[in-house]
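Working notes, beginning with the structure itself.
A short reminder: the numbers here are calculations on the coordinates, not readings from a lab. Remember, it's a predicted structure, so these values are computed and weren't measured experimentally. Don't worry about glycine lacking a Cβ; one is built from the backbone with ideal geometry, like all the others, and counts go over all protein chains shown.
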């Protein structure tokens, strides 16, 4: 039984390590999306506006096939802008939710350690973060 016991522990440690690495990568990804989605949305919105004007100009001078292509680019850019804006809002909500979970975990740890005052403080921070997350989700 000791062979299987040690094998189980090694597998458990490997799975735990992979899980921690995956969590770190996911957190970094959410952070990048939250930081840069607004910029992507802004650029896509500008591209949409410029190509829309160019499509109108092309249609006015009789270049309907060019106008149709530019209108398609304009519509696609507008879609990218909306999707990037939504992704940014969702990523920010995920960060706030992660903060709520972390504060809740800290409250439980402090309570187990007998630090009731610290547990109350961490618990109230968790509640505030959870309420903020709810408001952000409702805006989406």
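Pairs are defined by a Cβ separation below 7 Å, a sequence spacing of at least 6 or placement on different chains, a first member in the stretch 112-132 that is touching a residue at least 12 places away in the same chain (Cβ under 8 Å), and a second member that is assigned to a helix (DSSP H, G or I) and surrounded by fewer than 17 Cβ atoms within 10 Å (Cβ to Cβ); the pairs so defined are 119/111. Filtering the stretch 39-46 for residues that are surrounded by fewer than 17 Cβ atoms within 10 Å (Cβ to Cβ), under 26 Å from residue 134 (Cβ atoms) and within 16 Å of the chain's Cα centre (by Cα) leaves an empty set.
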